[in-house]
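The values are calculated or read from the model by the stated rules, or taken from the named source; none is laboratory data. Remember, it's a predicted structure, so these values are computed and weren't measured experimentally. Quick reminder, even Gly has a Cβ in these numbers, built from the backbone with ideal geometry, and neighbours come from all protein chains shown. All accessible areas refer to the heavy atoms of the entire protein, side chains included, with ligands and DNA or RNA removed. Shrake-Rupley method; radii C 1.70, N 1.55, O 1.52, S 1.80 Å.
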Amino acid sequence: MQKYDVVVVGGGIAGLTAAIYAAKAGKQTIVIEKQDRLGGRAISNKKHGAYFNLGGHALYKGDAYATFMELGVNVQGNQPSTNGYGLWKGKLITLPANMKTLLTTTLLSWKGKTELASWLMKLAKMDTREYDRMSLREWIEGNLHDPMVRNIFYALSRTASYVAGPDLPAAGPVLGQLQNALQGVIYLDRGWGQLVETLRQTASDHGVRFVTHCKVVSIGVQSGNVQHVLCEDGTKIDARNVILATSPSIACQLVPFAERTALHTWKEQAVEITAACLDVALRRLSKPKHQLIYGIDQTVFLSNQSRAAYLSDDGAQVVSLIKYRGKENDPDRDLRELEGLLDLAQPGWRNELAAKQYLPDITVSHDFMHMNRREQPGPAVPEIQGLYVAGDWAAHGELLADAATASAKRAVQHMLSLEGKERNARYEHRGIV
Ligand SMILES: Cc1cc2nc3c(=O)[nH]c(=O)nc-3n(C[C@H](O)[C@H](O)[C@H](O)COP(=O)(O)OP(=O)(O)OC[C@H]3O[C@@H](n4cnc5c(N)ncnc54)[C@H](O)[C@@H]3O)c2cc1C
């Protein structure tokens with residue numbers, strides 16, 4: 001039997017962040033990851049000299065970025081230019097991204113241009129939390145008048161949130177993510193796998209232990225207190241605190257009688273965001289200007305990430321395409337749509353293809369702040385002392401990787417705040433939406 005102050009189950013961005021904060025606070029910490037390597041959905045794979053993330057990833061200037069800066073995690077990469085196009089009625093039309101393109105674009109009337117410019121300025125200063133209780137559609141339809149300005153906001157919001165439809169997402173978090181996007185995103189050199197490696201190194205420097213290729217099968221609980229973590233190979237690890245940095249459904253499977261805890265509500269209310277992602281490495285771009293495309297009447301997006309990041313060893317250009325989806329799922333149709341966009345943006349791309357990755361149905365986030373949510377998940381599981389959750393689904397208004405880091409910090413902060421207090425005290429007050 002090994003003994004730790006904190007056992008983190010899951011070695012994705014959330015688990016790694018939680019482990020670093022716990023270790024920095026002097027806690028003996030171990031991360032257990034079921035895969036052969038750390039990183040979860042933030043891994044990168046190298047194919048024929050090109051680095052592919054699991055679908056196009058951009059680091060926003062939100063919680064994750066601030067967290068990495070605070071932890072001294074070196075984020076290597078660059079901010080891409082925002083000059084791009086809108087895909088409208090099968091044509092690529094200059095997107096209004098700055099003063100010059102706002103003046104020259106044919107997407108908008110003069111009235112529309114004035115309205116868009118004024119809203120982008122207002123957005124930068126807005127307290128977006130005021131709009132947490134209305135849907136994105138309600139906010140857009142209630143505030144924006146010009147139909148094309150609305151369409152552009154829908155397109156930008158899709159890219160910021162990965163949610164295809166505007167009825168489910170709460171407006172506040174999406175507008176917050178748009179605010180972050182206005183400050184410029186970062187594409188990471190060698191993909192997010194490099195970030196994972198830097199997080200691992202930082203954690204290791206603080207004394208965190210790692211076990212990979214080890215699946216946790218249950219959490220031992222006695223008299224309402226966490227006791228241990230049991231792994232598939234029979235290893236038992238004694239634990240004062242456990243942070244479940246897995247999906248909500250796996251968290252439920254691991255905890256005995258989870259249906260009697262808040263975990264059950266969090267799992268039941270969760271709405272997954274999924275996408276189809278096509279990544280290609282092209283030896284040459286036939287249309288070098290077509291680097292960034294937002295679908296306006298199609299729920300698609302294209303970005304040449306190589307314009308800002310080192311993503312191949314031989315100069316190939318890594319272009320990421322995403323199809324944002326609702327419930328319907330047709331991998332072949334999605335692939336045809338994405339390839340069609342590539343035909344339009346980079347004619348003849350098949351002749352320049354060095355490597356390709358198609359992920360027809362990948363989970364972008366296990367949940368987010370949506371209109372059917374009853375509770376904000378975590379940080380503590382109120383019925384079991386010493387049990388916490390972290391992950392992109394445990395969002396309290398953040399999105400994607402920002403939610404992963406923010407929830408990880410909340411879990412550790414909550415744990416530390418209880419120190420010195422009676423261990424059986426009932427303490428958690430879940431945020432009701
Ligand atoms: C296509 C795509 C595009 C994205 N784009 C962006 C973007 O542009 N910007 C952004 O901020 N975010 C983006 N994201 C989201 C971001 O990748 C995730 O939010 C983040 O990686 C989630 O981290 P996590 O730690 O919460 O979960 P995960 O990465 O899923 O980590 C969970 C870990 O737990 C492990 N695990 C599960 N069960 C067990 C068990 N029983 N025992 C041990 N280990 C277990 C898993 O193997 C996994 O490693 C994107 C994601 C995808 C898929």
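This table checks each residue for (1) part of a strand (DSSP E or B); (2) touching a residue at least 60 places away in the same chain (Cβ under 8 Å); (3) in contact with a helix residue (DSSP H, G or I) (Cβ under 8 Å, 6 or more places away or on another chain); (4) buried (at least 21 other Cβ atoms within 10 Å of the Cβ).
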residue	(1), (2), (3), (4)
TYR187	yes, yes, yes, yes
GLN201	no, no, no, no
GLY207	no, yes, yes, no
PHE210	yes, yes, yes, no
HIS213	no, yes, no, no
VAL217	yes, no, yes, no
VAL229	yes, yes, no, yes
Query raised in the report: Does the range 387-415 hold any residues that are within 13 Å of the ligand (Cβ to nearest atom), outside any strand (DSSP E or B) and farther than 19 Å from TYR60 by Cβ, and which are they?
Result: ALA411
Query - the range 237-253 - residue that is more than 14 Å from the ligand (Cβ to nearest atom) and surrounded by fewer than 20 Cβ atoms within 10 Å (Cβ to Cβ) and, of those, farthest from the chain's Cα centre (by Cα) - result: ASP238
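Per-residue answers, yes or no, for (1) buried (at least 19 other Cβ atoms within 10 Å of the Cβ); (2) among the aliphatic types (A, V, I, L, M):
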{"residue": "MET369", "(1), (2)": "yes, yes"}
{"residue": "GLU375", "(1), (2)": "no, no"}
{"residue": "PRO382", "(1), (2)": "no, no"}
{"residue": "GLN385", "(1), (2)": "yes, no"}
{"residue": "ALA390", "(1), (2)": "yes, yes"}
{"residue": "ALA403", "(1), (2)": "yes, yes"}
{"residue": "ARG410", "(1), (2)": "yes, no"}
{"residue": "MET415", "(1), (2)": "yes, yes"}
Query raised in the report: Name the residues in the range 350-367 that are buried (at least 20 other Cβ atoms within 10 Å of the Cβ) and acidic (Asp, Glu), would you?
Result: ASP367
Query raised in the report: Just one of SER247, SER306, SER312 is at pLDDT 95 or above, among the small types (Gly, Ala, Ser) and outside the structural domain of GLU352 (by TED's automatic domain parsing); which is it?
Result: SER247
Report task. Test LEU282 against the stated conditions and say whether it is within 24 Å of the chain's Cα centre (by Cα) and of a type outside the set (Gly, Ala, Ser). Result -> no
Query raised in the report: When PRO377 is evaluated against the numbered criteria (1) part of a helix (DSSP H, G or I); (2) closer than 18 Å to ILE250 by Cβ; (3) not aromatic (Phe, Trp, Tyr), which criterion, by number, is the only one it fails?
Result: (1)
Query - Test: ASP297 is part of a loop (DSSP other than H, G, I, E, B) and in contact with a Lys or Arg (Cβ under 7 Å, 6 or more places away or on another chain) - result: yes
Query raised in the report: Just one of the numbered conditions (1) loosely packed, with under 14 Cβ neighbours inside 10 Å; (2) within 29 Å of PHE368 (Cα to Cα); (3) away from the ligand (no atom under 16 Å from the Cβ) is not true of PRO256; which one?
Result: (3)
Query raised in the report: Among the residues of the range 84-133, which ones are among the aliphatic types (A, V, I, L, M), out of contact with any helix residue (DSSP H, G or I) (no Cβ under 8 Å at 6 or more places or on another chain) and outside any helix (DSSP H, G or I)?
Result: ILE93, ALA97
Requested in this report: Kindly list, by first and then second residue, each pair from a residue in the range 37-60 that is open to solvent by 30 Å² or more (accessible area, probe 1.4 Å) to a residue that is among the polar types (S, T, N, Q), limited to pairs with Cβ atoms under 6 Å and residues at least 6 apart or on different chains.
Outcome: TYR51/SER44
Requested in this report: Among the residues of the range 109-123, write down those that are open to solvent by less than 30 Å² (accessible area, probe 1.4 Å) and without any contact (Cβ under 8 Å) to a residue 12 or more places away in the chain.
Outcome: none
Query raised in the report: If you check GLN79 against the conditions, is it at pLDDT 95 or above, within 16 Å of the ligand (Cβ to nearest atom), under 30 Å from THR235 (Cβ atoms) and surrounded by fewer than 19 Cβ atoms within 10 Å (Cβ to Cβ)?
Result: no
Report task. Would you mind stating whether TYR358 is part of a strand (DSSP E or B), under 23 Å from TYR4 (Cα atoms) and touching a helix residue (DSSP H, G or I) at 6+ places or on another chain (Cβ under 9 Å)? Result -> no
